[in-house]
Amino acid sequence: MQKQIELLMKLQDIDYYVGELERSKDYLPDMMERLKRETEDLQEALESHKKRLSEAKLEQKGLEIEIGANNEGLEKYQHQMLTIKTNKEYDALRIEIDKTKEAIALAEDKALLLMDEIAELEEKIQDYELKADETRKTNAVQLEQLQTQIDAVGEKMAMKDDERKNVLVRIPKDLMSAYERIRRGRGGDVVVPVRRRSCGACYKQLEPRLVQEIKKGDRVITCDSCGRILYWAGETE
Ligand SMILES: [Zn+2]
């Protein structure tokens, strides 16, 4: 009987491994997708910052031209001041001069803000470039490893399938169908150790007589609560 329990445990290990392989068919491509997206997101952030930088530089150039033109205008008005003949002309010119000065002040304020923004953007772009480069390199290594894992899944599956068949032929049919039934019904482990005199899966307390029988290992004993096959693994806490 101990031998059969050992075979069932071996089968359980194989089935667990096969289950992991099945799951890996989903999560390995997911992991690859996430790594690719991480690099793409950084690249996108880098591009959008670069785009904003060139816009800001264009705006800066525009402001410089505007300030230059307004300064020229101001000079012209101040020159006209010298040839003014009437109060009305003076007032009109005064208004123009004030307006131009205001426009220059406004443009200079904007230019200052832009200068700050440009400095900040340049710093961020440098950070993003470093980070994107680093991430691309580390992710490329991981992507390659993941691809290798994906490529190997089929082969591993076939190997485990062979192993399973070899174990299967050595397990009596009724025990095998009990195993399959519990596995389908409960999921998780089918063969579980006795822990603290209880079922290792559902923690149902076992009668001392039953524990003795499990220890002896003369027949297959299942938990009357969850139906899993119990085995003795020593005095486990
Ligand atoms: Zn149980």
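Numbers below:
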item	result
Size-normalised alpha-carbon gyration radius of the chain, reference 2.2 N^0.38 Å	2.25
Histogram of C-alpha separations across region 116-212, 5 Å bin width, %	2, 9, 8, 10, 10, 9, 8, 7, 7, 6, 6, 6, 5, 3, 2, 1, 0
Relative contact order (percent, whole number), the chain, Cα cutoff 8 Å, 6+ residue spacing	27
Part-to-part distance (alpha-carbon centres) for region 211-237 and region 123-173, which is given in Å	37
Entries in K3/K204; K36/K110; K50/K137; K137/K160; K51/K137 that, when Cα-Cα distance is taken, lie over 28 Å	K36/K110; K137/K160
Against the rule of thumb 2.2 N^0.38 Å, how large the Cα Rg of region 147-198 comes out	1.55
Percent antiparallel among DSSP beta bridges (both partners in the chain, rounded to 5)	60
In order through region 203-211: 3J(HN,Hα) via Karplus (6.51 cos²θ - 1.76 cosθ + 1.60), integer Hz, x for Gly, Pro	6, 5, 4, 9, 5, x, 4, 5, 4
Relative compactness, region 174-231, computed as alpha-carbon Rg over 2.2 N^0.38 Å	1.04
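Here, each number is a calculation from the coordinates, and none is a lab measurement. Just so we're clear, the structure is a prediction, and the values are computed from it rather than from any experiment.
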